[in-house]
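Working notes, beginning with the structure itself.
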Amino acid sequence: MLFPWQLQDWQRLNAERARLPNAWLFIGPAGTGKLEFALHLAQSLLCEQLQADYQPCGHCKGCRWFEHGTHPDFRRLSPQTDDEEEGKEAKPGRKLPLIKIEAVRQVIEFAHLTAHRAGQRIVVVEPAENLNPAAANALLKILEEPPQDVLFLLVAQAAQRLLPTIRSRCRQFPLSAPSPAQALDWLRQQGVSNAEAELAHNGGAPLFDHDPVLAKLRSQFIDGLGQPTFASILNLAELVDKQKLPLAIPLGWLGKWLHDLAGLSLAGIVRYHPEQQAVLQQLVLRCDPVALMRCQDALQQLAPFGQHTLNTRLQLEALLMDYLKIFAGGRQG
Amino acid sequence: MLILQAERDALLKPLLAVTGIVERRHTLPILSNVLIEKKGGQVGFLATDLEIQITTASADELPGEDFRLTTSAKKLQDILRAIPDKATVTLEQLDGRLTLKAGKSRFNLQTLPAEDFPLLSVGSASDASFTLPQRELKRLISQVQFAMAVQDIRYYLNGLLMQTDGNQVKLIATDGHRLAFASADVEATLPKAEVILPRKTILELYKLLQDSDDEINIEVLANQVRFSFGSTVIISKVVDGKFPDYNRVIPLDNDKIFLIERLTFLHALQRAAILANEKFRGVRLVLAPGKMSILCTNSEQEEAEEELEIAYQGGELEIGFNINYLLDVLTNLPADTLQMAFGDSNRSTLVTIPDYSNFKYIVMPMRI
Amino acid sequence: MSYQVLARKWRPKRFADLVGQEHVVRALSNALNEERLHHAYLLTGTRGVGKTTIARILAKSLNCETGTTAEPCGECSACRQIDAGRFVDLLEIDAASNTGIDNIREVLENAQYAPTSGRFKVYIIDEVHMLSKSAFNAMLKTLEEPPAHVKFILATTDPQKVPVTVLSRCLQFSLRNMTPQQVAGHLAHVLEVEQQSFEPAALALLGRAAAGSMRDALSLLDQAIAYGMGEVREEGVRAMLGAVDRRYLFVLLDALAAADGPRLMAEAEQLAQRGIGFDSVLAEMAVLLQQLAMAQTVPAAIADDEPEREALFALASLIAPQDVQLYYQIAIHGRKDLALAPDEHAGFNMTLLRMLAFHPAHAQPDSVAAPRSNTAAAATRPAPVAMPAQPDAGVDGSAAARALLAGLGNRKPASRPAAQEPGTAADAEPEPAAPAPLAAPAPAQPVTPAVSAVSAVAVAPAEPVVTAPAPAVIAQAAPSVAADDDERDDEDETELDNTAPWDETEAEEAMPAYAMAEESTAVDAAPYQFDGDWGGLVTQLGTRLGASRMLAHNAVLKGWSQSRLELAVPDSFRHMATRDYQEKLKTALAEQFGHTVELVVTIEELGLETPAMQGARHRQEQLAQARICLENDPVIQQLVRDMGATLIAETIQPVQEL
């Protein structure tokens, strides 16, 4: 399925069908539907009764198997947590999942056998940044010189984080992000409540996991940030800890809040919390930009450990202390 | 609702033929299922591991409506096995579940929709097609399959090359150290074609082939090979690669030649092998006029020596091999006498059968 | 043969078809012709420059049926099979999938067997740096003495990770990055053969974007052909590469210089709308900032045909050098940290906001505006002087520059009155570097026409024009931004110490060392008198030596006067004595002496002690002394006697080194 803002990209891609590369690398901002585009392309290449515009029919065997995830000529390389590898259900955890070499080996074997349905064989790798180094290196040879009719589709948000040796072997295809109007429209159609605020919070990217529970927590957190006192800080840390949220989540919330604080203070812009404009205005009056940047530094230091099993509460409290200092009246203690 | 009633064996036998390839662990759950399809009077069983697809049909005509469903191959097999022979088995289907009854036993199994089962799409045009007695094909395979590579990085070696040309079909296997070649004559005149059959296909085929004169029909299709024998049809994908040119491997000028009895040689080697190095399996052959010595040493410096009389008047030679490579060929060679042709200690050695051009074996020497 | 991407289709099949790498091809061809072949080769180089290609051609050369030759025929069965990837005696192993020692053992056992159809069994092991340590060890013996019929060709993009024990057993060839010209030339050739029309300017862009890799270039070319629907045009390629049009960067930095937050963010938003990757924006911004610094300190280094020369100088006049430095740091770090931001747009914005926050107009006098650095010792920034920042200084000048930048859309040469350069000539600052041998237009008052003249101002108070032996870099007066010279700060240098300004590697931490050194001219009270103690002088110069430290420490004073020093450098350090380093040394010396000092450096071994040697000797003496002290210490003696302790002499270290 294509999103409304991807229709032009689809036309552009179709123009390249006479010159299929060995590997395509789809890049674009997060949450704008890159994976869906790649899957749609894969389906269209496996569909046995293509419609106009190279759209898949949705009825043939190929389409049906694809939609069920059982097409024998399609493989997907995506990160698996340890649980999944053992055949159990994936648990959202504090560990960062990677694509491992064993999965890549299987795909290589798959690529060396002829097709099940006498057509193409497609491998989707997503997100390509999550290939661990050994897996990425193992992919190089076959990525560069796959057998006839084998096509790799890589999806990445930040191409610069891929191994240059991998990037080198792909044809890059940037995908479009939706305009704010398109994004809002789409969200409303999905029945997301409070669409504007949600969209703003996600930086204009409409494809986010809408989790009402998390949204509520976030709201509480932001409210707390809007009242920077010692007591409220402690409450926030406790709140996060009680919900067993991985550090990455409040770090993300705080990061966006700091962005808006700095933005409003220095440049009059607010990006993530338009509905909090009034609160931010008040805070800006007391805010010291340099202290804000120091808080930002502290946040950056923590960011790589977002999934770590650190003592989240302690870390957050320390960080929020730095947040308080922003409003200490311009002078550090 | 009742869909089938049959004797246990009528179901178990064909089922067994296909379950061999069903793997335990799968990326797609439906692959652990067997597709059972009734069309007209026949009940067909189909299983796949995405490399091979096997279909068999029940021998007898069975009454009942047409149906299609899939259920766990292993569980069904275990159930049927456990039921007494000659028992009557009924199958009922309701709400996506399969109920199997036999006597006082009742089993209720999950099913997955038959439309989800990934069937191989089969090309229609065959490049070459021929028949052989099953026994013959089995024999041919046994002469070469031991030489297939196992998980070699040169993936195209992890299988067996099947070539057709004129009235001949040829099978070749190699792992880079030794190469086995076997051919047979067929009635049909065949175009030039070649495919690489995956290792697993060969092993599975070998298991299913009977030692009988019943014919097997082999069709080489664009990207697949179809084997039909009895009520079984195996369709196998092929390895997407190019096999090396084996003709270049055959040494032409080896001049140290002699004949030897297969069993004598084999037994001598087997004895010597007892003290061959566990890892490297090296054996030294020393040729001198009239005799060949076979020497093995292991890591503890223990030694075995065998001496064989041979009708040989050529030059002296000392040459090393991996003893397994010699044992392999001697075990599978289809004759009592064989001819060894050596070059020098760095050149490959040719093993053939006198007056029989349908078998060749080339083995590379090893540095001892 | 159905469609294949260009990178695959155009993989060279003969040595003669390779672009660049002549040094390797020559060496290998000779070796092949003379049959003097090593048994193990290591090919290193970045991605896509020819490692695997050369390895395969070498395999053909070794196994060609016409004989071992530098020009494999390409027709015989061996050549054809190798080209098709199905030659049994050629094993291409990717080390990443076979890192374990068992895999390697298997491979090595395999090597025992003679080749089946070729003359040689060739192993190509790609990305060999991925092997585990034990796998490397397992390889050593075989690498050292493989069977005669085996050849190893190892390849890696990361030779640093290959143990020295393996390196020493291989003949190593470093493949070079291709120049943009080489790349563009080859692309033109490809397109001609493929009968595709193109614009040379487009190829030049692609050549640069390829960053040294031919494969990257061909992949990009494929992309360009697809993007342009069969035509390769400059505009299309530019859009495709998301090549940040530098004009927008100028506008951005102009807004930043004016501390105009709303405008800055608006421009940033524009960039985002155009889908330009933030990573490349920050990268380009860093490059631009680096150029600004050049413009501020070594204006003549900016080429005359540099496209946006005027804008560059205009901008350079609007931002204080240390701010340029600061923004550079922020840009570099911001780029590194993009991945850590909630999303890249936020990361980019925050980077810009940070620059704003530390803009002199905003920052508080005492606040230490430290951008986060990796080392504990935070990069210290000069405390921006509380006085209003220099954008206000020289009102006329900055307004003019502003106007120029604002009119960037039109690119008309600015024919307005120039940047006022307050205080330039007025502070008769001793010229640090050798002033121009060219007749600097009598400089005096800086009302110079048009911005480009900024560079031409040579403030040359009466000074002996000393010709330097290597007048490569001609530093002219620090131009207008000299207003901020008052704010020079020695602290800057600690950070900039060891970076040669001409590092080819991508912009690293610090700016050209001498950029800052220029600022910190110490106006000494009394003129310095050199007494011939070279070692002492070197110590005194300390960190001001910057990149020339190695040169200074390893040179011997051959002869001297108050205005001329002759140094002798041993052959082993000749690389430290290039012009660039000499210039740097001269700069430091000039500072110290208070006037220019002629410097003559020769490569010879005088058998005398250099400061480095002196230092080493001194250290040895100290260590020996310390050891004696320790050994005679009663407590230690008691420990040794009664408790069986042993003094581990090698662990004695000076306190300063802890």
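Pairs please, first residue from segment C:38-56 and within 11 Å of chain A (Cβ to nearest Cβ), second anywhere and acidic (Asp, Glu), Cβ atoms under 6 Å, 6+ apart in sequence or on different chains. Filtered contacts from segment C:38-56: C:Gly48/C:Asp216. The residues on offer are B:Leu76, B:Leu100, and the sole one that is in contact with a helix residue (DSSP H, G or I) (Cβ under 9 Å, 6 or more places away or on another chain), at pLDDT 90 or above and part of a helix (DSSP H, G or I) is B:Leu76. Picking from residues in segment A:259-274 that are facing chain C (nearest Cβ under 8 Å) and in contact (Cβ under 8 Å) with a residue 60 or more places away in the chain, the one that is nearest to A:Ala197 (Cα to Cα) is A:Tyr272. If a residue has to be among the charged types (D, E, K, R), outside any strand (DSSP E or B) and surrounded by 15 or more Cβ atoms within 10 Å (Cβ to Cβ) to count, how many in segment B:24-69 make the cut? So the answer is 2. Annotation: of all residues in segment C:162-179 being among the β-branched types (Val, Ile, Thr), in contact (Cβ under 8 Å) with a residue 12 or more places away in the chain and part of a helix (DSSP H, G or I), the one that is nearest to C:Leu131 (Cα to Cα) is C:Val166. Assessment of segment A:155-164 against the conditions (surrounded by fewer than 20 Cβ atoms within 10 Å (Cβ to Cβ), in contact (Cβ under 8 Å) with a residue 24 or more places away in the chain, farther than 22 Å from A:Leu39 by Cα and not assigned by TED's automatic domain parsing to the domain that holds A:Arg12) yields no matching residue. If the condition is being more than 15 Å from B:Gln270 (Cβ to Cβ), among the β-branched types (Val, Ile, Thr) and more than 14 Å from chain C (Cβ to nearest Cβ), then segment B:302-354 contributes B:Ile310, B:Thr337, B:Val351, B:Thr352, B:Ile353.
Would segment C:180-202 turn up any residue that is aliphatic (A, V, I, L, M), under 30 Å from C:Ala314 (Cα atoms) and free of Cβ contacts under 8 Å to residues at least 60 places away in the same chain? Yes, some residue in segment C:180-202 is aliphatic (A, V, I, L, M), under 30 Å from C:Ala314 (Cα atoms) and free of Cβ contacts under 8 Å to residues at least 60 places away in the same chain. With the requirement that a residue be at the interface with chain A (Cβ under 10 Å from one of its Cβ atoms), assigned to a loop (DSSP other than H, G, I, E, B) and touching a residue at least 24 places away in the same chain (Cβ under 8 Å), what does segment C:236-268 give you? Within segment C:236-268, C:Gly242, C:Ala259 qualify.
Listed residues C:Ala31, C:Ala55; which is of a type in the set (Gly, Ala, Ser) and surrounded by fewer than 22 Cβ atoms within 10 Å (Cβ to Cβ)?
Working: C:Ala55 fails: surrounded by fewer than 22 Cβ atoms within 10 Å (Cβ to Cβ).
Being of a type in the set (Gly, Ala, Ser) and surrounded by fewer than 22 Cβ atoms within 10 Å (Cβ to Cβ) holds for just one of C:Ala31, C:Ala55, which is C:Ala31.
Say we look at segment B:222-254 and pick out the residues that are hydroxyl-bearing (Ser, Thr, Tyr) and within 12 Å of another protein chain (Cβ to nearest Cβ); which of these is nearest to A:Gln120 (Cα to Cα)?
B:Ser236
Number of residues in segment B:122-150 that are within 14 Å of another protein chain (Cβ to nearest Cβ) and touching a helix residue (DSSP H, G or I) at 6+ places or on another chain (Cβ under 8 Å) equals 4. Here A:Lys244 fulfils each of the conditions (1) surrounded by 18 or more Cβ atoms within 10 Å (Cβ to Cβ); (2) under 18 Å from A:Gln307 (Cα atoms) apart from (1). Look at A:Ser193 and say whether it is modelled with pLDDT under 85 and among the hydroxyl-bearing types (Ser, Thr, Tyr). Criteria met by A:Ser193.
Residue-level check: of (1) away from chain C (no Cβ under 14 Å); (2) at pLDDT 90 or above; (3) crowded, with 22+ Cβ neighbours inside 10 Å, A:Thr114 misses just (2).
Conditions tested, residue by residue: (1) away from chain C (no Cβ under 14 Å); (2) of a type in the set (Lys, Arg); (3) within 23 Å of the chain's Cα centre (by Cα).
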| position | (1), (2), (3) |
| --- | --- |
| A:Gln276 | yes, no, no |
| A:Pro289 | no, no, no |
| A:Met293 | no, no, no |
| A:Gln300 | no, no, yes |
| A:Ala303 | no, no, yes |
| A:Gln307 | no, no, yes |
| A:Gln315 | yes, no, no |
| A:Leu320 | yes, no, no |
| A:Tyr323 | yes, no, no |
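Per the conditions (1) assigned to a loop (DSSP other than H, G, I, E, B); (2) more than 14 Å from every other protein chain (Cβ to nearest Cβ), the sole criterion not satisfied by B:Ile153 is (2). Sub-7 Å Cβ pairs linking a first residue in segment A:212-239 that is within 20 Å of A:Asn311 (Cβ to Cβ) and outside the structural domain of A:Leu314 (by TED's automatic domain parsing) to a second residue that is surrounded by fewer than 16 Cβ atoms within 10 Å (Cβ to Cβ) and of a type outside the set (Ser, Thr, Tyr), at least 6 apart or interchain, number zero.
Being facing chain B (nearest Cβ under 8 Å) and within 42 Å of the chain's Cα centre (by Cα) is the filter; apply it to segment C:82-91 and report the residue that is nearest to C:Val107 (Cα to Cα).
So, considering only residues that are facing chain B (nearest Cβ under 8 Å) and within 42 Å of the chain's Cα centre (by Cα), the one nearest to C:Val107 (Cα to Cα) is C:Leu91.
Screening the candidates C:Ser61, C:Ser97, C:Ser77 for the property of being in contact with a Leu (Cβ under 6 Å, 6 or more places away or on another chain) and either more than 7 Å from every other protein chain (Cβ to nearest Cβ) or of a type outside the set (Phe, Trp, Tyr) (or both) yields one hit, C:Ser61. For segment A:17-35, the tally of residues that are in a loop (DSSP other than H, G, I, E, B) and either free of Cβ contacts under 8 Å to residues at least 40 places away in the same chain or under 11 Å from the mean Cα position of the chain (by Cα) (or both) stands at 6.
Restricting to segment A:36-50, give me the number of residues that are part of a helix (DSSP H, G or I) and under 17 Å from A:His71 (Cα atoms). First the steps, then the outcome.
First, pick out the residues of segment A:36-50 that are part of a helix (DSSP H, G or I): A:36-46.
Applying the additional criterion that residues be under 17 Å from A:His71 (Cα atoms) yields A:36, A:38-46.
Residues in segment A:36-50 being part of a helix (DSSP H, G or I) and under 17 Å from A:His71 (Cα atoms): 10 in total.
Number of residues in segment B:112-145 that are crowded, with 17+ Cβ neighbours inside 10 Å and under 17 Å from B:Ser72 (Cβ atoms): the value is 5.
Okay, residues lined up against (1) farther than 30 Å from C:Ala266 by Cα; (2) in a loop (DSSP other than H, G, I, E, B); (3) over 21 Å from the mean Cα position of the chain (by Cα):
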| residue | (1), (2), (3) |
| --- | --- |
| A:Val192 | no, yes, no |
| A:Gly204 | no, yes, no |
| A:Asn235 | yes, no, yes |
| A:Asp241 | yes, no, yes |
| A:Ile269 | no, yes, yes |
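Take the residues of segment A:152-184 that are in a strand (DSSP E or B) and either among the acidic types (Asp, Glu) or touching a Pro at 6+ places or on another chain (Cβ under 8 Å) (or both): which is farthest from the other protein chains (Cβ to nearest Cβ)? Out of the qualifying residues, it is A:Val155. Those strands (runs of 3 or more DSSP E) of segment B:238-329 in which at least 1 residues are of a type in the set (Asp, Glu) and either over 21 Å from C:Ala114 (Cα atoms) or in contact with a helix residue (DSSP H, G or I) (Cβ under 7 Å, 6 or more places away or on another chain) (or both), considering only elements entirely within it, cover B:256-261, B:303-309.
Contact map, segment A:183-209: residues that are outside the structural domain of A:Gln157 (by TED's automatic domain parsing) paired with residues that are at pLDDT 85 or above and among the hydroxyl-bearing types (Ser, Thr, Tyr), Cβ distance under 6 Å, separation 6+ or inter-chain. Pairs shown: A:Ala200/A:Tyr272; A:His201/A:Tyr272; A:Ala205/A:Thr32.
The values are calculated or read from the model by the stated rules, or taken from the named source; none is laboratory data. Note that the structure is a prediction, hence the values are computed from the model and not measured. Cβ atoms come from the backbone with ideal geometry, glycine included; neighbour counts cover every protein chain shown.
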